[in-house]
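Since the structure comes first, as structure tokens, the remarks are kept for the end.
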Amino acid sequence: MDLFQAITGRRSIRKFKPVPVEPAKIKQVLNMARLAPSWKNLQCWRFLVLTHPGPRALLAEAFPDDNPGKKAIASAPCIIVVCADPAESGVENGIEYFVADTALAFDHLCLAAHGLGLGTRWMGWFNEEAIKRALDIPEGIRVVGITPLGYPDQSPNPRPRKELAQVAFSEKWGAPYQ
Ligand SMILES: Cc1cc2nc3c(=O)[nH]c(=O)nc-3n(C[C@H](O)[C@H](O)[C@H](O)COP(=O)(O)O)c2cc1C
């Protein structure tokens, strides 16, 4: 699969087959994530991989019931908790770049997973303190997102996107890029 196919074909997945993910594939997606660019190349990201059922129930409790991806947290064969150490990134113009660094790594991870036939779903709507308690994540570390990882058991249609002209401008702010 080439890069353009990976970008256009990726979907957020919430139903996974009850099939374990091969450890070599988990390692491969993590290796692709850590190739992302970052503030001063400080690589503030950290990944916590969960393949045992142990803390799952506690983890799922940290998500609101109306979060559409909640069920996958309890049932997917693998969960990756994507964290950051903000001390290993920078702040400029009020922008905390640990979020950007980690989001880039997260997206690399999702695209690489798709390239291997695996599904992901970035989840950010959770109680961070409850996640940290459930997983014993140290004080200064931030939880930027969480994704289930597994073989998709659904093929969702693409979700809509704004038109290019609504989000890209030519020469002057507001002049649609055609
Ligand atoms: C920062 C971020 C947070 C998200 N949080 C959640 C979430 O908590 N629960 C969920 O079901 N989906 C979540 N999503 C998935 C989005 O809903 C999904 O990416 C969007 O609807 C577009 O669909 P697609 O990924 O299939 O293109 C999140 C995505 C991003 C980028």
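The values are calculated or read from the model by the stated rules, or taken from the named source; none is laboratory data. Bear in mind the structure is a predicted one, so any value in this text is a computation, not a measurement. Glycine also receives a Cβ, built like all others from the backbone with ideal geometry; neighbour counts cover every protein chain displayed.
Against the numbered list (1) over 24 Å from residue 159 (Cβ atoms); (2) at pLDDT 95 or above; (3) out of contact with any Phe, Trp or Tyr (no Cβ under 8 Å at 6 or more places or on another chain); (4) not small (Gly, Ala, Ser), residue 8 comes up short only at (1). Can you tell me which residues in the stretch 108-129 are more than 14 Å from the ligand (Cβ to nearest atom), among the aliphatic types (A, V, I, L, M) and in a helix (DSSP H, G or I)? Scanning the stretch 108-129 gives a single hit, 112. Mind listing just one residue for me: the one in the stretch 136-178 that is out of contact with any strand residue (DSSP E or B) (no Cβ under 6 Å at 6 or more places or on another chain) and hydrophobic (A, V, I, L, M, F, W, C) and, of those, farthest from the ligand (Cβ to nearest atom)? That would be 173. Residue 138 meets all of the listed conditions (1) surrounded by 12 or more Cβ atoms within 10 Å (Cβ to Cβ); (2) farther than 19 Å from residue 52 by Cβ; (3) of a type outside the set (A, V, I, L, M, F, W, C) but one, namely (1). Within the stretch 64-107, restricting attention to residues that are over 14 Å from the mean Cα position of the chain (by Cα) and within 11 Å of the ligand (Cβ to nearest atom), the residue that is surrounded by the fewest Cβ atoms within 10 Å (Cβ to Cβ) is 66. Within the stretch 97-125, residues that are without any contact (Cβ under 8 Å) to a residue 60 or more places away in the chain reach partners that are in a loop (DSSP other than H, G, I, E, B) and within 11 Å of the ligand (Cβ to nearest atom) with beta carbons closer than 9 Å, at six or more positions or on different chains, in the pairs 103/122. Condition check for residue 25 on (1) in contact with a strand residue (DSSP E or B) (Cβ under 6 Å, 6 or more places away or on another chain); (2) part of a helix (DSSP H, G or I): one failure, at (1). Of the residues making up the stretch 11-28, those that are more than 16 Å from the ligand (Cβ to nearest atom) and touching a residue at least 60 places away in the same chain (Cβ under 8 Å) are 17, 19, 21, 25, 26, 28. Counting the residues of the stretch 130-156 that are outside any helix (DSSP H, G or I), in contact (Cβ under 8 Å) with a residue 12 or more places away in the chain and out of contact with any Asp or Glu (no Cβ under 8 Å at 6 or more places or on another chain) gives 14.
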